[in-house]
Each structure stands twice: as structure tokens, then as C-alpha cells.
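Before any comments, here is the structure.
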Amino acid sequence: MSTTEQAVVGQGFSKWWFRKGKVYASFIFLILFALTTLTPFLWMINASMKPLEAVEDLSPIPTIEQQARFVETVALPQADPEYATLSEDEQIAYLFGILDISSIRETISQAFPDMAGSELVDMSTLTASLSSSEQQTLRAHLASTQFSLAQYYWHYLRRNYDDVWNSEDILFQRYYFNSLFIAMWVTLLQCFTSSLAAFAFARLEWPGRDSIFKLYLATMMIPGVVVMIPNYTLMVFLRLLDSYTGLIIPAAFTAFGTFLLRQFMLSIPPSLDEAATIDGASPWRVYWDVILPLARPGLIVLSIFTFMQNYQSFFWPLVLIKSEHLRTLPIGMLYFDTNYGNQTNLIMAASVMNIVPLIILFVLMQKYLVAGIQLGAVKG
Amino acid sequence: MTRRTRTTLTALAFLMPNFVGFCVFMLWPVVFSFGVAFTNWTLIRTVPLQFVGLENFIEMFSSDDFWLYFINTGYLMLGMPFAIAGSLFLAIVLSQKIKGTVVFRTLFYLPTFTAGVALFILWKKLYNPQFGPINVLLQEVFGLSAEQTPSWLSSTRNVFALAVEQVGIDPAQFGLGARDAIIIMGIWVAVGGANMLLYLAGIANIPRDLYEASEIDGAGVWGKFRHVTWPQLAPTTFFIVVMSFIGGLQGGFEQARVMTEGGPAGTTTTLAYYIYTKAFEEFQIGYASAVAWVLFTIIFAITLVNWRFGSRYVNY
């Protein structure tokens, strides 16, 4: 092997290592970044499955005292209803009764390290030799041996979510229904009217078409707050304050929907509707039977955007809705946080339930959504 | 009836349902709010409705509040370049041939997709100065005392030491406060969002032979980024910057309403939140419309400047 060949092989080798190294470094970076992104969500989920007293702890594993409290107030009374009726001494005796000798020894040496090795396993001699605070410590340690993390989280998960879902202070189910109901109606109306208008803009020739389309485009730059105020006064005038209609109708017409669907429809070859027209199809048939099925990806993208935007919509329901039973989820969450803000575990449970439909929607529709975002930007 | 008239009528029939709604809820409001901006209209009918000329605008520009909220709006937009640079970096890393790209993309997009009141309440809890996990972490991991950790959403401090109440600099205000907290949260929300997806699409469209050619010319990782990726992505970057400006100028409303109620001392009140309080808490429709139109004018001007200035650097 000549020296030049060696140099080339050497270079290739180091290049190979460089590539490999870059891939591994990127992979590690991506994992770390994903963790950073997820940490707030993980904290939210964890907090939603904890008792209020443990919410401030960073560690997902409760302290010995919290474990013991859970075992004594929840786990043992559940397993044996008699436990709650026992006196303190009897409870210690009960705990001794359900544990075997070796685990009692271990527990004692944990609770009182200086007692380790001594042969004090007779319950009455042991308790007699301890002060009352030491007895408490012993009891906590004995009880915590019965602790199960899965049972703990399962218990508080059910309790917190049930507390929110069936709360008497807030009408959580109602908020949920309102949000889904309004978002669905807006999505339906938006898809229907936008696709009709997009059909007129993309598939039909008529005078003034381009100037009206430019008008649509121009309004996309106008900030929402500019039109919110007149729309509010319009709702006052039409007596639609505090009603589903007032929430749904103004949200159902956007220039964006028409614009997005027009983009999709422009990419459908014109020969298709020409052929259908020659076969005697009316414009409505062309729209309904030819263009709409082909524009399906566009309709899906618009539906996802519209649904998610209106499900999370905040400003409009905030100013429009006064009665409690018409509040949507974001508004309900806002008042829940304002009035019961210190119940962090319940608020986090409500937040999790709030975003679950969005996550399901996103995971199912990811493919369309990514394409749609990238297409929506191609207006140059 | 000629064929031409018939098609026109058909087209109008298709357009009508959307166009009526568009006129009632979009065009008319714009015209209406422009007119209202020159009146003293309030929903509390104590004063007779009057045309007041430029009075609303004069009152606005001579009030310290307006300028403070104007600065706040700009301050909150300072996270933009970091978020955009982060999106670009993530997109570059994700465009390599790595397993699980789709999984990472999904995870990174999660905050953008779920952003809303629920996430803002979550961050309010995270930022709690006494019990929030961020300060607990700072205390436990970095050994800071409770006084050394930032008060986040309840603090008027900021990294530029901007004074509160009047426009100026006050060294005592140096630190991390409510506005910085909102910026950090904003970056977390936006960095893996739509901008990253746009950059991913942009990178996928760069012709491979440009990289091969630059490799033959001896370009390293930085050289390839500097001379191929960055110039090729210029249209994408330009689009993202314009859209971020438009979004940023009208932003900050939900954060202010949910997390801080505009405080402390008005430091998180943006123009959008100011308009909301004027219109829907004080019912001064005329004045609020005037502020809304100033906001619109700023957005319009900045978009124009962006197009003129930006298109020089974009070679398609």
C-alpha cells in the first residue's frame, strides 16, 4: 500500500468517524431537547395525580410521612374497614400483626438506627420503651412498608379527575360540551362556506374575481382586535350576547379558509370539470361530485386548524359570555384558576383533560397538518 | 341570458354565503371601527355621542401608559429571534438521516398545538415564586436561597433594567421578571412549532448538488450552512420574520389575561391587552378603536418595510 493510498483510507476513516459522531451527537441533542419540551407536561400530569399536600414536591415519590398517611387513611381502611375504628395502640398492634419478623426488624433499624441489632421484637416491650413521638415515627415506618406507588397514583388520579369532572363548583362537563359543540359547528360552517367561495375563486371565470380575492387577502393582515370591538357592538345590537349563535356565527367566516381551499383547488387539473360540464353536469354537481372529493386533504387541514383554534378560542367567548352554563373550556379554566387557584392538583387535572382532545387530534391528523402548514405558507 | 352572465350569476351564488359573512363580520367592522375611532362613544351612556376629531389619538400619544404598553409589546417580541434561530437549528438537526425524526417532530410540535389557557395556567404554576418547581429546582440544585430566586410573574424587573411607570432606565430594576418569564415561555411554545416545520420543508427543497459542489470546494459544516443552507432558506426566513412581526405586535393578550392581569405595575400589558381593558372593562369603545387603528397602522407599516427591505436580500 502506497503512502497516498494510506492517506486516503485514513481520511475516509476519520470522515466516517466524523459522520457517525455527528449522528450520535445529534441524536443525544434531540433526546435532551425533547425532554426539555416534555418536562412541563410531565410535571402537569404528575401534579394532576397527587394529593394537594404533595404538589410542591419535585420528586414523584412521596416522603415516608406522606406514604404512611396514605397507607393509614386510604389503603388500610380500604383493605380492612375495621382499621379506622382502632385506637392508636391497637393500630400499631395491627401493623405488627400483618408484618413478618424480618421486615419488622428492618423497619425498626431504619426508624431508629441506634437500636439496630437489639432483639426488641416483642411489641409491648418495644412500645413501652418508646416515647410517644418515637411511637409515631415507628408507626409511620411500619405503615410505609405497606405503601404501593401504583395504588397511590391510581387513587389520586381517580379522585382528582373525578373531583373536576363531577365538580359542584364548576360545570366542567358543560364547558367541555360547549367547547366541542361550538368548535364543531364553526368547523362545519367554515368548511362549507369557504369551499363554496373557493370554488368560485378557483374554478369559475367572472368579472371582478381577482379584485374581490385581493380584498379577501388584504383583510388577513387586519389584527383581530380591530374587528372584535365592532363585532361586539353588533352582537349587542342583534341581542346575541351570551348565546351559542353569537359564539358560532362570527367565527364561521374567515378569509383564511377561503384562501387555503382556493390554493388546494387551483392544483386540481381544469380538464376534470370541463369534462364533467360537457357531460351535462351542473356547476353544483361539479363542485359536489368532482372538486370537493379531490380537495379532501385541504378540507381536512382547514377542519383541523378551525377546530383547534375555536376549541381554544379565548377572546371572543371571554367578552361575549356572561352565564356560567355557556362558558367554554378556556373561560371555565380561567375562572376555575381565579376562584380555586390554590388547588393546583385539580387545576392540573382540568388542564390535562383540556388538552387531551387536541393531542388525540394531532396524533391522528399529523400527516395532513404538516403538509397543510407548509402549503399555507406558499403564498409568496 | 348570455353564457357569460350565467356563469357570473353562478359564481356569485357560490360566493354569496361566505361573502355575506365576510362583509358583515370583516369588512363592515373595519370601516365602522375607523369611524368610531374619531368619536367619544362609550357603552356606558353618560355622555352624548360626539365626533371628537383627533382627540382620542392626542390623548393616547400624550399618555405615559400608551408608551409603556408600546414598549412592553416590543419587549415581548425580543424572544422572536431566539425562537426563530432555535427553529432553524432544530430543523437542520432533524433533516439529517436520523431514526425517529417523525417522533421528535411530533414531540417538539406539542406545545404549539396545545398552546392556550391550559398551558398558560400550567406555566403560572411553574413560575410560582414560592412553590413553583422552577424556583424549587433553582434552590435545590443550584443552592440559591429563596431571596436569590426571581419572583418571575410578580416582579417588574427585567434584563434591560427598564424603569416602571415612566419611560427610562433604572438600574435597580435589573433582574428577571414577568416580561422575561413570558418570553421564556413563548420560546418554549414556539421553537418546535410551525416555523420549524416551514424550515424543514425549506431544507428538503434545497438541491443536493449544491451541497456536493460546496463539499468539493472544501466547505465544512459551517461553510455549507453559511453559503448554501442560509441563502437558500432566505425566502422561508423572510416569510417567518414577517409573520412573526404581525403576530407579535398583536400578541400578549392571553398571557396577560390569564397569567398576570397585565401586571405587575402594567409591565405585561401589551397593546392588545390595553385595547381589551379599554373596550371591555372600561367600555370606552371610541378610544379603544383608536388604539386598535394605531396598532393596525404599525403592523401595516412594518409589513411594508419588511417587504421592501427584505425582498432585496431574497433571490429566488
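The numbers here are math on the coordinates, done by the rules we state, and not lab data. Computed from a predicted structure; not experimentally measured. Cβ sites come from the backbone with ideal geometry, for glycine too, and all protein chains shown count toward neighbours.
Counting pairs of Cα atoms in the range B:132-220, how many percent are more than 22 Å apart?
Working: 2174 of 3916 pairs.
In whole percent, the long-distance tail amounts to 56.
Rounded to whole Hz and in sequence order, give me ³J(HN,Hα) for the range B:73-82 from the Karplus expression 6.51 cos²θ - 1.76 cosθ + 1.60, θ = phi - 60°, writing x for Gly and Pro.
4, x, 4, 5, 7, 5, x, 3, x, 5
Taking θ as phi - 60°, what are the ³J(HN,Hα) couplings along the range A:163-180 by the Karplus curve (6.51, -1.76, 1.60), each to the nearest whole Hz, with x for Gly and Pro?
4, 6, 4, 9, 4, 8, 7, 10, 8, 4, 4, 5, 4, 4, 4, 4, 4, 5
Keeping to pairs on different chains or 8 or more places apart, tell me how many lysine pairs in the protein assembly as shown have Cα atoms under 21 Å apart.
Lysine pairs satisfying the spacing and distance rule in the protein assembly as shown number 17.
Which of the trypsin sites (Lys or Arg not before Pro) across the range A:208-305 are loop residues per DSSP, with 12 or fewer other Cβ within 10 Å?
Details: sites: A:Arg209, A:Lys214, A:Arg239, A:Arg262, A:Arg285; in loops: A:Arg239.
Taking the range A:208-305 and a limit of 12 other Cβ atoms within 10 Å, the loop trypsin sites (Lys or Arg not before Pro) found are A:Arg239.
Springs between alpha-carbon atoms under 10 Å, Gaussian network over chain A: tell me which of A:Val290, A:Val227, A:Val164 tops the mean-square fluctuations.
Answer for the Gaussian network model of chain A: A:Val227.
I'd like the trypsin sites (Lys or Arg not before Pro) in the range A:303-380 restricted to DSSP loop residues with at most 13 other Cβ atoms within 10 Å, sorted by number.
A:Lys322, A:Lys379
Please work out whether the range B:1-137 counts as rounded, prolate or oblate from its C-alpha gyration tensor, where a ≥ b ≥ c are the square roots of the eigenvalues and a/c under 1.5 means rounded, while otherwise a/b larger than b/c means prolate and anything else oblate? List each step's numbers first, then the result.
Details: a/c = 2.66, a/b = 1.23, b/c = 2.17.
Taking the square roots of the gyration eigenvalues as a ≥ b ≥ c, the range B:1-137 is oblate.
How high is the relative contact order of chain B, given as a whole-number percent (alpha carbon pairs under 8 Å, six or more residues apart)?
Dividing the mean separation by the residue count of chain B yields 26 percent.
Per residue of A:351-363, how many C-beta atoms from partner chains lie within 10 Å of its own C-beta, taken as a mean?
Partner Cβ neighbours, averaged per residue: 4.
Given H placed on each backbone N at 1.01 Å, which residues far from B:Thr39 in sequence or on other chains put an amide H within less than 5 Å of it?
For B:Thr39, whose amide H was placed from the backbone, the distant partners under 5 Å are B:Val52.
Is any residue of the range A:48-67 close enough, with backbone N under 20 Å, to a label point placed 7 angstrom from the Cα of B:Gln148 along the Cα-Cβ axis, and if so, which?
Of the residues in the range A:48-67, A:58 have backbone N under 20 Å from the label point off B:Gln148.
May I ask you to evaluate 6.51 cos²θ - 1.76 cosθ + 1.60, the Karplus curve with θ = phi - 60°, for each residue of the range A:312-325 and list the ³J(HN,Hα) values in order in whole Hz, giving x for glycine and proline?
9, 3, 10, 4, 5, x, 4, 7, 8, 9, 10, 7, 5, 6
Between 0 and 90 degrees, rounded to the nearest ten: what's the tilt of helix A:224-237 against the longest Cα principal axis of chain A?
90 degrees
Within a 10 angstrom radius of each residue's Cβ in B:28-35, how many Cβ atoms of other chains show up on average? Whole number is fine.
Details: counts 4, 12, 6, 1, 7, 9, 2, 1.
The shielding value for this peptide is 5.
Restricting things to alpha carbons, find the Rg to Rh ratio for the protein assembly as shown using the Kirkwood radius for Rh. Present the calculation step by step, with values, prior to reporting the outcome.
Numbers: Rg = 31.0 Å, Rh = 29.5 Å.
When Rh is taken as the Kirkwood radius, the ratio is 1.05.
Order these peptides, A:240-246, B:233-239, by their mean beta-carbon neighbour count within 10 angstrom, highest first. Intermediate results must be reported in sequence, preceding the final value.
Values: A:240-246: 15.6, B:233-239: 19.6.
Result, highest mean first: B:233-239, A:240-246.
Using Cα pairs under 8 angstrom and six or more residues apart, how large is the relative contact order of chain A, in percent?
Details: 297 pairs, mean separation 90.3, N = 380.
Once divided by the residue count of chain A, the mean separation gives 24 percent.
Can you tell me the FRET efficiency between B:Met243 and B:Ile169 if r is taken as the Cβ-Cβ distance and R0 is 35 Å, rounded to the nearest 0.05?
Values: r = 32 Å, r/R0 = 0.90.
After rounding, the FRET efficiency stands at 0.65.
Within chain A, what's the longest stretch lacking GluC sites (Glu not before Pro) that sit in DSSP loops with no more than 13 other Cβ atoms inside 10 Å?
Details: sites that count: A:Glu119, A:Glu168, A:Glu205.
Between the exposed loop sites, the longest stretch runs A:206-380.
Taking beta carbons within 10 Å but only from partner chains, what does the mean come to for residues B:120-129? All intermediate terms of the calculation are to be shown ahead of the outcome.
Numbers: counts 6, 13, 12, 2, 4, 11, 5, 0, 3, 0.
So the per-residue partner count for this stretch is 6.
Determine the sum of side-chain charges near A:Ala276: Lys and Arg each +1, Asp and Glu each -1, restricted to other residues whose C-beta is under 15 angstrom from that of A:Ala276.
On the way: positive: A:Arg203, A:Arg285; negative: A:Asp273, A:Glu274, A:Asp279, A:Asp289.
Result for the neighbourhood of A:Ala276: -2.
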